[in-house]
Amino acid sequence: MTTLTQQLPLLSRFRPSATTNIDPFIRAATVIVGGGMTAVCLFAIGRALLGFAPELPHLRNVAVTLHVITVLPCVPLGMWLLLNRKGTPMHKQLGKLWVLLMAITATTTLFIRDGMEMSWIHIFVPLTYRAVWALVSSARKGDMRKHKNEIYGLFFGSLMIPGVWAFLGDYRLMGVMLYG
């Protein structure tokens, strides 16, 4: 007797394996937090594009524009990378893109305010740089446990915490786009 995945090879890619399973709590958190953040971002962008947001002078700042362009794809891409099969060529290539986007996002943060003025949220810049270095080096060494933990920290810490603040902080671009 054959299994359904043997009869339909296309389904074999959905078969659970050691390379696709992540902790159920992390999986649920990724779907809820990442999916929620993606939905809120899309809603805010949609409001702005449809003219429901006031003028956005933030976008006159090149650093803000570059920051937004690089950080927005990080949310759904990071979620996809966490939820799908690991170790495939697609995972590796998209992972490299995600890490590059995260590093650019962190770097642009340094130039958003005049004169490199810092606030509490800038603590995520060195944390992002450290996590990027650690996750790349751990992947190259084959230490997937450390790699996985660094990814969790980078996704939930350096991406989601400042992401929430982007909607809640006074006069922040995403908040203006969302609330008008």
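Condition test on Met37, is it open to solvent by less than 80 Å² (accessible area, probe 1.4 Å) and at pLDDT 95 or above?
Numbers: open to solvent by less than 80 Å² (accessible area, probe 1.4 Å): yes; at pLDDT 95 or above: yes.
Criteria met by Met37.
Out of everything in the stretch 87-112 that is among the small types (Gly, Ala, Ser) and more than 17 Å from Pro162 (Cα to Cα), what residue ends up being surrounded by the most Cβ atoms within 10 Å (Cβ to Cβ)?
First, pick out the residues of the stretch 87-112 that are among the small types (Gly, Ala, Ser): 87, 95, 103, 106.
With more than 17 Å from Pro162 (Cα to Cα) added as a condition, the list becomes 87, 95.
Details: Gly87: 14, Gly95: 21.
Among those that are among the small types (Gly, Ala, Ser) and more than 17 Å from Pro162 (Cα to Cα), it is Gly95.
Can you name the number of the only condition in (1) modelled with pLDDT of 95 or more; (2) outside any helix (DSSP H, G or I) that Thr70 fails?
Looking at each condition in turn, Thr70 falls short on (2).
Restricting to the stretch 81-123, name every residue that is within 16 Å of Phe156 (Cα to Cα) and in contact (Cβ under 8 Å) with a residue 60 or more places away in the chain.
Leu81, Leu82, Leu83
Residue pairs, Cβ under 6 Å, 6 or more apart or interchain, first in the stretch 124-139 and in contact (Cβ under 8 Å) with a residue 24 or more places away in the chain, second of a type in the set (Asp, Glu) and assigned to a helix (DSSP H, G or I). List them.
Qualifying pairs under 6 Å: Ala131/Glu150; Leu135/Glu150.
Please determine, by comparing only the residues of the stretch 149-161 that are under 17 Å from Trp120 (Cβ atoms) and open to solvent by less than 30 Å² (accessible area, probe 1.4 Å), which one is nearest to the chain's Cα centre (by Cα). Break it down stepwise before answering.
Step one: of the stretch 149-161, the residues under 17 Å from Trp120 (Cβ atoms) are 157-161.
Retained after the next criterion (residues that are open to solvent by less than 30 Å² (accessible area, probe 1.4 Å)): 157-160.
Numbers: Gly157: 10, Ser158: 9, Leu159: 5, Met160: 7 Å.
Here the answer is Leu159.
Being over 30 Å from Pro24 (Cα atoms) and buried (at least 16 other Cβ atoms within 10 Å of the Cβ): is that true of His67 here?
Spelling it out, His67 is indeed over 30 Å from Pro24 (Cα atoms) and buried (at least 16 other Cβ atoms within 10 Å of the Cβ).
Which one is nearest to Val31 (Cα to Cα) among residues in the stretch 164-180 that are among the small types (Gly, Ala, Ser) and either surrounded by 22 or more Cβ atoms within 10 Å (Cβ to Cβ) or touching a Leu at 6+ places or on another chain (Cβ under 9 Å) (or both)? Talk me through it step by step, then tell me what you get.
So in the stretch 164-180, the residues among the small types (Gly, Ala, Ser) come out as 166, 169, 175, 180.
Next, only the ones that are either surrounded by 22 or more Cβ atoms within 10 Å (Cβ to Cβ) or touching a Leu at 6+ places or on another chain (Cβ under 9 Å) (or both) stay: 166, 175.
On the way: Ala166: 20, Gly175: 22 Å.
If we take residues in the stretch 164-180 being among the small types (Gly, Ala, Ser) and either surrounded by 22 or more Cβ atoms within 10 Å (Cβ to Cβ) or touching a Leu at 6+ places or on another chain (Cβ under 9 Å) (or both), then Ala166 is nearest to Val31 (Cα to Cα).
For the stretch 45-67, give me the residue count where each residue is farther than 16 Å from Leu159 by Cβ and in a helix (DSSP H, G or I). Lay out the reasoning, then the answer.
Here is the first cut: in the stretch 45-67, the ones farther than 16 Å from Leu159 by Cβ are 45-66.
If we keep only those that are in a helix (DSSP H, G or I) as well, we get 45-49, 57-60, 62-66.
The qualifying residues number 14.
Got a number for residues in the stretch 113-124 being at pLDDT 85 or above and open to solvent by 50 Å² or more (accessible area, probe 1.4 Å)?
1
The values are calculated or read from the model by the stated rules, or taken from the named source; none is laboratory data. Source: prediction; values computed, not measured. Counting neighbours? That spans all protein chains shown, and the Cβs are built from the backbone with ideal geometry, glycine included. Just so you know, the surface numbers come from the protein's heavy atoms only, side chains and all, with ligands and any DNA or RNA stripped out. Shrake-Rupley method; radii C 1.70, N 1.55, O 1.52, S 1.80 Å.
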